[in-house]
Every structure is written in C-alpha cells, then in structure tokens.
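Below is one structure; the comments refer to it alone.
What follows draws every value from the coordinates through simple rules; no lab data is involved. In this text the structure is predicted, and so the values were computed from the model without any measurement.
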C-alpha cells in the first residue's frame, strides 16, 4: 500500500511540474521561387486538401481580416473529423501566416496553433518552415504528450514533403488518396 501511495504521489507531483507544451518545427528546401511557394501555401491556404495527404477536404470560411485574402479561416476535413483553423496573421510580404484551431481540436488540447513561413534561399529555392504548438490538458493529456508530439512531428514532415512534391512535380504526392 505504501508503494502504491508513493507512486501515485510521484505521478501526481510530476503532473504539475512536467511540461505539457509541445513544439515541433520542420524545415524543408523546395526547388521553386519563394513567390511560387507562397502562392500555394499562403494565397491558397484554404485549398490545402489539393496537395496535402493529411486533409480530405478544405474550404474557406469567415470574413476577410487580411489584405489580399477574402477569408479568415479554413474548414478542413481529416480522418479525425472537421477542424476550423482561424488565421491570426497573414503577411504576404514576409511570407508568414499563423493560425490556431478554433474548433475541432482534440479534447486533450488546451490550445493548438501553427506558424508557417518561407525563407528565400536563392532565386529558385525557398525553405518552408512549419512550426506547430500544442498545450495538452488534464491527466490524460499529460500522459499522452510524448505520443502526441510524435504524431505532430510525423504530420509536419508529411505536410512539408507534400508541399515540396506538389510544387516540384505539379501533382499531389503519391501518398494522397485521390479516390
């Protein structure tokens, strides 16, 4: 009984001191001009389903909040269901956008957001930088944080690879089920 009590006390204590924040960053060079990459990643933000294997469908929503963009969110359908990703910033000059999931995030997510940006490496090469952030909540979130981080890392890699493949080949990655 003493060992069980001690074990529960340790787990309970760790719950309050362990970081439940997840940060994943993925960078990948794309053999296209930064403007060409921004056209798909930024200006066509709401059409992510065209090239990303993670999304079955996507469409624009919300009223315009940013210059040059007629919407402020994208509504997506994945294997896990519907999510709404609301843009927090959109800057065509710096090739940066940020969004948070305003609806449809996993129940163990306190907050989920992302920053997507581009860096021009030379006249014909751009590097996409995808950063995903999530804070888990509850005891289950605490326990699941390492697994969730692995899943986000896998998704970030796939999204970057999908974008690269689409831009360099003119069609979606072979992983994408177009059926």
Subject >> Counting all C-alpha pairs of region 20-169, share separated by more than 23 Å (%) >> reply: 34
Original post:
Helix 138-169: angle to the longest alpha-carbon principal axis of the chain, degrees 0 to 90, nearest 10?
Top reply: 20
Subject >> Angle between the chain longest axis and helix 2-17 axis [Cα atoms, degrees, rounded to 10] >> reply: 30
